[in-house]
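Let me begin by presenting the structure, written as C-alpha cells, before commenting on it.
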Amino acid sequence: MDLRNTVLSMPEWEDLIHRAEIRAVDEPLVNVDEDATTPYDAIFVGGGAGGRFGSAYLKARGGRQLVIDKWPFLGGSCPHQACVPHHLFSEAAREMDYQRWNAGTLWFPEFDDKRASIRDLVDLFKAGRNNAHAFMNWQSKEQLGMEYILNTEATVIDANTVEAAGRRYTARNLVLGTGAHTYLPDIPGITLPGVFDFVGLIEDLDYEPSRCVIVGGSKVALEYGSFYQAAGCQTTIVSRSPLLRTASLHHIDEDLRTYVVDGMRKRGVDILEGAETLEVLGDGKVSGVRVQLADGSTTVIDTDFVFIGTGERAVSRPYVDALGVDVDDRGSIVVDSRMRTSVPGVYAIGDLIGAPMEMFKARKCGMTAARNIMGEAFEFDFSEYPDFLHTTYEVTWVGLTEAEARERYDDVVVIQMPPKGMPHEQLSLPCAEGSMLYAFTRPELTGFQKAVYDGKTRLLLGAHHVGFGAKDAFQYLDHLIRKGITVDEMGEMNELFLNPDHFIQLSRLRAGAMSLTDL
Ligand code: COM
C-alpha cells in the first residue's frame, strides 16, 4: 500500500493498523519518496524507539533515512507490549496498594481484590494501544518527514543493502535495532500453556490467574510480581540471586534494596532467594512448580500461572550470520561509545547492544548513531545510565551507591531519610504527594531516600529514592552530577515544598558547614 501521497487521520491510522494486526491487510505499508535522487545516509533496521529517534535526528541534520519494521507501526515493543503496559500495571498496583492499606478507613471502602482482574486490565490496554501506534506513524510521516516501510520483514543482505517488500534498498550505513527476546531458562515444562512472559501476558492471556509463581528475579519479576500481588493474586518469586543484585543493577544502594524488598514482603509477596526452579509441572497446562529452596530441600508450589522474569537476550543471530558482527558472551552486539559495530558502516542500538534494555536508552542510542553518521563524533556511555523500576512505589537511582562511594573515596557523607539507625515506624518522613496519608497512618510506608556526597570535594556522587514522583527530578540530577554539583550549590537551589525527594532542603541544612557530616 503506497501511503506516500496520502495523509491519514488518527482514526484512519488506528483502523489500518488494526486491520494489519489481524492480517486483513498483509501488504507492506510504504512511505518512500520515489522521486528523491539523494542516496540514503542510513537504513534503520527496526522502527522501535532507537530507530525512530535516530531517524528523526538524522533527518534533522539534513540526512536521508529509511526505517523498516515488521510491525504495522513505529515505536516498537515499548507501546505495544513492554514499557507502556508495564506503566499501566504499575499505576494500577500503586492504586490498589493504596486502597488496600487504607481500606475501611476515612472514605475508603473495604478492598475487594476479587474485583481486581488482571485480565481486564490487559484487555483494556490491548483495546487502546493502537492509539499510540497511530500517533507515531502520523507524527513520523507528517511532522518529522521520515521515510518508512512497515508491516514487512527486513533482510540484511550486506553492510549497505537491505531487502524489504520485494525490493533491495542501499545506504551508506546500516543501523540495527531489532531488540531482544525474553531469555527462556532451560527448565522442563517451561513451554507449557500457562507460562507467560511480558509479551505472552499481553497477547495470549485468556483466563484469570488465581496464583502466580515468577521464575527469576529480574526487574520485570519485581514489577509484574508487585502488580499481580496487588491485584490479589498471591505471588511467589523464585530467584537464584538476591533480588536487585544482578550485575546491571550495581548502582542500587543496599539500604534502598532492603526497603524495597522488605516492602514487597510486607505486601505479601513470597520471595524465595537462593532458590531454583527445577520444573514446571502440568498435564497440558501449568499446575505447579517444583522448587529447590536455599537450604537444599525441594517443594512444590501449586499455581495456574507462571511468569518468566529471567531477563532478556539480544536477537543478534541474523546479523552475525549476514554481516559477521562481533557479539559478547550473552549475544549482545558489541559497539563502541559511538554505536559502531565491528563492521565498518554498521551501527547497532537499543536492546541489541545489551543492558540496560530500556526504551529510553534506545532513543539516545539512535540519536548517537545518527549524529555519527552525519559526521559528528558524539559519544554515549550507556553503562552509567540513571534508572528506575516500579514495585508499588517508584524506585529511582543515579550515580554511586554508598558502598561504591566508600570504595572510591575516603570521606563519604550520607544525607538520608530516615536518618541511619532511626526506626521508620517512629518517623513519618520522607513524605510528599502520594505518601501524605501514610505519614499519618503508617509512617514506615512513606518511602526512603539517600544522597551520597564526597566530603572532601563536597560533590554529589549519587542519589537514591523510593516514593512517588521523583523520577522526573532524577533526569536533572543525573545532569547535575555529571556536570559536578556540590552540597552548597544544592543548598542554593530553589525548592518547592513538599517536593518528593527532599534533596534540596536536606542539603541546605548541611551547606556551608566547614566539615561535612552525615544527616
Ligand atoms: C516509545 C516509542 S513509547 S518511541 O520512542 O516514541 O518511538
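The values are calculated or read from the model by the stated rules, or taken from the named source; none is laboratory data. Owing to the predicted nature of the structure, the values given are computational and were not obtained by experimental measurement. As a convention, Cβ positions derive from the backbone with ideal geometry for all residues, glycine included, and neighbour counts pool all protein chains shown. Accessible surface is based on the protein model in full, side chains and every heavy atom, while ligands, DNA and RNA are left aside. Shrake-Rupley method; radii C 1.70, N 1.55, O 1.52, S 1.80 Å.
Residues that are in contact (Cβ under 8 Å) with a residue 40 or more places away in the chain, of a type in the set (D, E, K, R) and within 22 Å of PRO386 (Cβ to Cβ) within segment 237-272 comprise ASP253, GLU254, ASP255, listed in sequence order. Checking each residue in segment 491-506 for being farther than 12 Å from LEU519 by Cβ, touching a residue at least 24 places away in the same chain (Cβ under 8 Å) and either loosely packed, with under 14 Cβ neighbours inside 10 Å or of a type in the set (A, V, I, L, M, F, W, C) (or both) picks out only LEU498. Pick from PHE468, PHE440, PHE448, PHE474: which is in contact with a Lys or Arg (Cβ under 8 Å, 6 or more places away or on another chain) and more than 21 Å from GLU407 (Cβ to Cβ)? After ruling out the rest, the residue left standing is PHE468.
Quick grid of which residues meet (1) within 20 Å of MET264 (Cα to Cα); (2) of a type in the set (A, V, I, L, M, F, W, C); (3) assigned to a helix (DSSP H, G or I); (4) more than 25 Å from the chain's Cα centre (by Cα):
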{"residue": "GLY434", "(1), (2), (3), (4)": "yes, no, no, no"}
{"residue": "PHE440", "(1), (2), (3), (4)": "no, yes, yes, yes"}
{"residue": "TYR453", "(1), (2), (3), (4)": "no, no, no, yes"}
{"residue": "LYS456", "(1), (2), (3), (4)": "no, no, no, yes"}
{"residue": "VAL466", "(1), (2), (3), (4)": "yes, yes, no, no"}
{"residue": "HIS479", "(1), (2), (3), (4)": "no, no, yes, no"}
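Here no strands (runs of 3 or more DSSP E) wholly within segment 23-124 include at least 2 residues being within 16 Å of the ligand (Cβ to nearest atom) and open to solvent by 70 Å² or more (accessible area, probe 1.4 Å).
Take GLU276 and tell me if it is more than 20 Å from the chain's Cα centre (by Cα) and under 28 Å from GLU407 (Cβ atoms). When the stated conditions are applied, GLU276 does not pass them.
Please indicate, with yes or no, whether at least one residue in segment 224-232 is surrounded by fewer than 21 Cβ atoms within 10 Å (Cβ to Cβ), of a type outside the set (Phe, Trp, Tyr), at pLDDT 95 or above and closer than 14 Å to ASP97 by Cβ. Checked against the condition, which is being surrounded by fewer than 21 Cβ atoms within 10 Å (Cβ to Cβ), of a type outside the set (Phe, Trp, Tyr), at pLDDT 95 or above and closer than 14 Å to ASP97 by Cβ, segment 224-232 yields at least one hit.
Highlighted here are the strands (runs of 3 or more DSSP E) found entirely within segment 127-226 that include at least 3 residues which are more than 16 Å from the ligand (Cβ to nearest atom), in contact with a strand residue (DSSP E or B) (Cβ under 7 Å, 6 or more places away or on another chain) and of a type outside the set (Phe, Trp, Tyr): 154-158, 161-164, 167-176, 211-215. Just one of the listed residues (SER435, SER428) is open to solvent by 20 Å² or more (accessible area, probe 1.4 Å) and farther than 21 Å from PRO356 by Cβ, and it is SER428. Checked against the criteria, GLU407 does not count as closer than 22 Å to LYS483 by Cβ and among the charged types (D, E, K, R).
The rows are residues; the columns are (1) touching a helix residue (DSSP H, G or I) at 6+ places or on another chain (Cβ under 7 Å); (2) closer than 30 Å to THR341 by Cα.
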position	(1), (2)
THR178	yes, yes
PRO193	no, no
LYS219	no, yes
ALA230	yes, no
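Might you check whether a residue that is surrounded by fewer than 18 Cβ atoms within 10 Å (Cβ to Cβ) and closer than 18 Å to GLY263 by Cβ occurs anywhere in segment 441-448? Yes, some residue in segment 441-448 is surrounded by fewer than 18 Cβ atoms within 10 Å (Cβ to Cβ) and closer than 18 Å to GLY263 by Cβ.
Only a single criterion out of (1) within 16 Å of the ligand (Cβ to nearest atom); (2) open to solvent by 70 Å² or more (accessible area, probe 1.4 Å) is not satisfied by ARG19, namely (1). Taken over segment 339-368, the criterion of being within 16 Å of the ligand (Cβ to nearest atom) and farther than 17 Å from LEU58 by Cα is satisfied by ASP351, LEU352, PRO356, MET357, GLU358, MET359, PHE360, LYS361.
Per the listing ARG245, ARG265, the residue uniquely part of a helix (DSSP H, G or I) and under 30 Å from GLU402 (Cβ atoms) is ARG265. Taken over segment 363-372, the criterion of being open to solvent by 10 Å² or more (accessible area, probe 1.4 Å) and closer than 12 Å to GLY76 by Cβ is satisfied by ARG363 alone. The selection criterion, being open to solvent by 10 Å² or more (accessible area, probe 1.4 Å) and either assigned to a strand (DSSP E or B) or modelled with pLDDT of 95 or more (or both), holds for ALA473. Of all residues in segment 346-362, those satisfying the criterion of being more than 27 Å from THR170 (Cβ to Cβ) and either modelled with pLDDT of 95 or more or open to solvent by less than 10 Å² (accessible area, probe 1.4 Å) (or both) are GLY354, LYS361.
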